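Inspection log for the structure reproduced underneath, given as structure tokens.
The values are calculated or read from the model by the stated rules, or taken from the named source; none is laboratory data. The model shown is predicted, which means the values in this text are computed figures rather than measured ones. Neighbour counts are summed over all protein chains in view; Cβ atoms, including those assigned to glycine, are modelled from backbone coordinates with ideal geometry. These accessible areas exclude ligands, DNA and RNA; they are computed on the full protein's heavy atoms, side chains included. Shrake-Rupley method; radii C 1.70, N 1.55, O 1.52, S 1.80 Å.
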Amino acid sequence: MARSARHRAVVGTGVLLVAVVAVVNAISLPSTAPADVDGDYVVTAAWNLATEGVFSTSRDDGPLDHHPGREPLFPALLAGAILVDAVVHGGGVVDDLDVDCVVEGTSPACRAPNARWKLLNGVLLLCLVGLTWATARLWLPPAWALAPTAVVATSTSVLGYVDTYYTEVLAALLLLAASAASVQLQRSGRRRWAVAGGLSLGLLALTKAIFLYVIPLVAAVVWLVGDRTTRDARTAHGRVVAVLVVAALSLPVAWMARNAVAGEGWVITRGADAVLMTRLSYDTLTAREAGAAILYWATPTHGPDLAAALLPEDAHARLDRDDPDGYYQGHERVRDEVDRDGLGTVLARRAVPHVVLTPLLLYRGAVPWAQFDVDGPAVHVGDLAAELIGRTYLPAMAVLAWWGWRRRRSSLALFVTPALASFALYAGMTHFMPRYSVPAVGVGAIAVAVAAHALWRRGRSEDRRATGAAPPPSPVAEDVSA
């Protein structure tokens, strides 16, 4: 009894400590630094929505266009934050500020709103940490659930985006919510979880457009792992899957219809063709450069230095993002080729190298990375530690997917499906920058913890069998036992 009380006290202290760290990071990280190149579009869209009621990324004088230059969800939330900030700090008046000044940080008076508006990402970070704990507890005892929660609360891969207007923290929250709702759907079969999971996926598509293609993959897996033993069971399960799909597509389709009416086409956002052109540029990697890329892309912060120290310069020079003749800058060359020969011809011409090199691009991107420094009094692990931990996410998720498919009804297969599907799509359709895998931080950290806990339990069970003792009960035996 005393040992149990001590254990609860230690776990409770750990939970409290992680909560305090999360709050400190959420409050201390937002700074007065101006928006960066991508963030200025988000701020501009939010500003126009808050002041004019129009979603537009234009800062030109005159009537605003309806150009969907960015996915709409984060700018909409930021517009709400701007309006709240105006009530608290500006007497309810928003137009007294100059958005150009705020975005560019040209005056000290315009910098303060940046820190206040970025608190939105701080709030989202707290929600992500809390949801990580709650989701980990679906399989793990409290002491083990602390590990992924602490990783999310202190990883620079997440914290690096709190002081920005990037959408990675929101995407990580929604991806984890969709994955957790899918688990509850598989366990209970209730339609409310289909609605929750579907809406999470739909909102995720309005945060990162590529997740629109994840929706049918998730629906297929939900169908496959459900109860289809009888005709009545198949009918009931089919209705649940239909609810999931309708809930997932309702918001993205409504937004795409808005853009079509505005003359922008049936799209969520413009500019997706640029990343495809960049991805096609990487299809011309030579065998020597592909080999060098394994070292160059080992970790985003240290891989380039390792390659420079150990490899000839001509083996890795074109992997540098800043090289004007490199692959990252090659999208214009590919676009010229597409304009001349047509996209279908270019895709057919590069089909074989595209398929062969997709695993290498998957290797490149499957390590969540913050391209921004974490400064101030924030509590965090180092970049290298965060990247090495991140390297374990894809293998752990793949192992849990295999476990899940082996058991057919395992909720683990559903849990990791959205993240794995996004990785595959990013590797095949984009150049898969390590930033793109940041939304999978919560799912990946939990997957690593669940896999480690299963291995630990198996070791304990073998020891107990060797001594003739009964194996201990497992809260995750239904999902991960062999």
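Listing for the model above:
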{"quantity": "Tally, over segment 224-249, of residues that are within 24 Å of residue 429 (Cβ to Cβ) and either open to solvent by 40 Å² or more (accessible area, probe 1.4 Å) or small (Gly, Ala, Ser) (or both)", "calculated": "4"}
{"quantity": "Residue within segment 340-354 that is of a type in the set (S, T, N, Q) and touching a residue at least 24 places away in the same chain (Cβ under 8 Å) present", "calculated": "no"}
{"quantity": "Residue satisfying condition, being under 26 Å from residue 374 (Cβ atoms) and at pLDDT below 90, within set 115, 136, 81", "calculated": "115"}
{"quantity": "Flag if residue 28 is closer than 17 Å to residue 373 by Cα and open to solvent by 20 Å² or more (accessible area, probe 1.4 Å)", "calculated": "yes"}
{"quantity": "Matching residues, segment 296-314, being within 15 Å of residue 434 (Cβ to Cβ) and of a type in the set (A, V, I, L, M, F, W, C)", "calculated": "297, 298"}
{"quantity": "Selection within segment 360-388 - out of contact with any helix residue (DSSP H, G or I) (no Cβ under 6 Å at 6 or more places or on another chain) and within 21 Å of residue 451 (Cβ to Cβ)", "calculated": "363, 385, 387, 388"}
{"quantity": "Matching helices (runs of 4 or more DSSP H) fully within segment 313-394 where at least 3 residues are modelled with pLDDT under 90", "calculated": "383-391"}
{"quantity": "Tally of residues being surrounded by fewer than 21 Cβ atoms within 10 Å (Cβ to Cβ) and either touching a Lys or Arg at 6+ places or on another chain (Cβ under 6 Å) or in a loop (DSSP other than H, G, I, E, B) (or both) across segment 262-276", "calculated": "9"}
{"quantity": "Scope segment 111-143; condition closer than 21 Å to residue 380 by Cα and of a type in the set (S, T, N, Q); matching residues", "calculated": "121, 132"}
{"quantity": "Residue within segment 224-240 that is of a type in the set (Gly, Ala, Ser), at pLDDT below 90 and closer than 30 Å to residue 316 by Cα present", "calculated": "no"}
{"quantity": "Subset of segment 292-323 [open to solvent by less than 50 Å² (accessible area, probe 1.4 Å), closer than 17 Å to residue 362 by Cα and in contact (Cβ under 8 Å) with a residue 24 or more places away in the chain]", "calculated": "292, 293, 297, 299, 300, 319"}
{"quantity": "Residue list for segment 107-125, restricted to those being open to solvent by less than 20 Å² (accessible area, probe 1.4 Å) and of a type in the set (A, V, I, L, M)", "calculated": "124, 125"}
{"quantity": "Matching option when the condition is over 21 Å from residue 436 (Cα atoms) and of a type outside the set (Asp, Glu), among 155, 182", "calculated": "182"}
